[in-house]
Amino acid sequence: MTNDEVIKVRGERELTARAGHLFAGVTSEFICAATDMDTWSHRDTRKAIAVRMRSTLTEGEVVARKLYTPAALADEEQRDHLLAVAGMGARVRICATGLPHETIIIDRRVMILAGTVVAGDREFTVTTSPALISGVLSLFEATWEAATELTAYLHRDPPQVDVEGRRILQALGDGLTDEVAARRLGLSLRTYRRRVAELMRLLGSESRFQAGVHAGELGLIP
């Protein structure tokens, strides 16, 4: 790619074909910000990228920073993967709020931005524009500073939630509709929704899905 070039690709196959070599060419810094482990690639592609980068991480040649939302900790396999990545030398943090951009920045010279899903394939923008990279990097740094290191996040003390609150969190985790959950818990719909809003604030969650994920991480629900 030439300086300031911007290209758009659709789907992971095209992204890997046109930009996959960039992952093997990292020399100093690798930055990744994503909602969860499945944002960027399918399992096989992710493994291939990991193999390409493993030697540079273990040898300390590359500074790697990875930023995720709590959705990345939704199950034990993903948590174990992130702990393994951190064990190889990468810095991993969890941010309580949504990410302004889902992106990969390589050596501060190439950036890949994840876009929307169109006709079943996600669009990606690949750019070498210093102005674009600098702008997104500034947003990343601000979010990174406010985020929590992975191990500290996993070992934080759980908030105090009463029995009714735990039952509401369980309903969220089960994916029940408000009407069904309120009826099952013997609450009015208005009271149920008020309690849900209170619990979301308590857990620092921006969505009901996040609240359910957080509750599971903290052992508030089975």
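The values are calculated or read from the model by the stated rules, or taken from the named source; none is laboratory data. Note that the structure is a prediction, hence the values are computed from the model and not measured. Every residue, glycine as well, gets a Cβ built from its backbone with ideal geometry; the counts of neighbours run over all protein chains shown. Just so you know, the surface numbers come from the protein's heavy atoms only, side chains and all, with ligands and any DNA or RNA stripped out. Shrake-Rupley method; radii C 1.70, N 1.55, O 1.52, S 1.80 Å.
Go through the residues of the range 36-55 one by one and say whether even a single one is in a loop (DSSP other than H, G, I, E, B) and at pLDDT 75 or above.
yes
If I ask for residues that are under 13 Å from Ala72 (Cβ atoms), open to solvent by 30 Å² or more (accessible area, probe 1.4 Å) and either of a type in the set (Asp, Glu) or assigned to a helix (DSSP H, G or I) (or both), which ones from the range 85-99 would you list?
Residue satisfying the conditions is Ala86 alone.
So, Thr127, is that one buried (at least 17 other Cβ atoms within 10 Å of the Cβ), of a type in the set (S, T, N, Q), over 15 Å from the mean Cα position of the chain (by Cα) and farther than 24 Å from Leu203 by Cβ or not?
So Thr127 fits the description; yes.
Suppose we filter the range 133-148 for residues that are open to solvent by 60 Å² or more (accessible area, probe 1.4 Å) and farther than 14 Å from Asp107 by Cα; how many remain?
Initially, the range 133-148 is screened for residues open to solvent by 60 Å² or more (accessible area, probe 1.4 Å), giving 134, 138-139, 142, 145-146.
Still in the list and also farther than 14 Å from Asp107 by Cα: 138-139, 142, 145-146.
Adding up the residues that qualify gives 5.
Does Ala64 qualify as being within 21 Å of Glu14 (Cβ to Cβ), touching a Ser or Thr at 6+ places or on another chain (Cβ under 9 Å), open to solvent by less than 40 Å² (accessible area, probe 1.4 Å) and modelled with pLDDT of 85 or more? Don't jump to the end; show me each part of the working.
Details: within 21 Å of Glu14 (Cβ to Cβ): no; touching a Ser or Thr at 6+ places or on another chain (Cβ under 9 Å): yes; open to solvent by less than 40 Å² (accessible area, probe 1.4 Å): yes; modelled with pLDDT of 85 or more: yes.
Considered against the rule, which asks whether it is within 21 Å of Glu14 (Cβ to Cβ), touching a Ser or Thr at 6+ places or on another chain (Cβ under 9 Å), open to solvent by less than 40 Å² (accessible area, probe 1.4 Å) and modelled with pLDDT of 85 or more, Ala64 comes out as no.
Working carefully through the options Ala152, Ala114, find the one that is under 25 Å from Ala84 (Cα atoms), open to solvent by 20 Å² or more (accessible area, probe 1.4 Å) and either basic (Lys, Arg) or assigned to a strand (DSSP E or B) (or both). Working first, answer last.
Values: Ala152 fails: either basic (Lys, Arg) or assigned to a strand (DSSP E or B) (or both).
Answer to the selection: Ala114.
For every residue, the table says whether it meets (1) in contact with a strand residue (DSSP E or B) (Cβ under 8 Å, 6 or more places away or on another chain); (2) more than 22 Å from Ala72 (Cβ to Cβ).
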| site | (1), (2) |
| --- | --- |
| Leu150 | yes, no |
| Ile168 | no, yes |
| Thr191 | no, yes |
| Val213 | no, no |
| Glu217 | no, no |
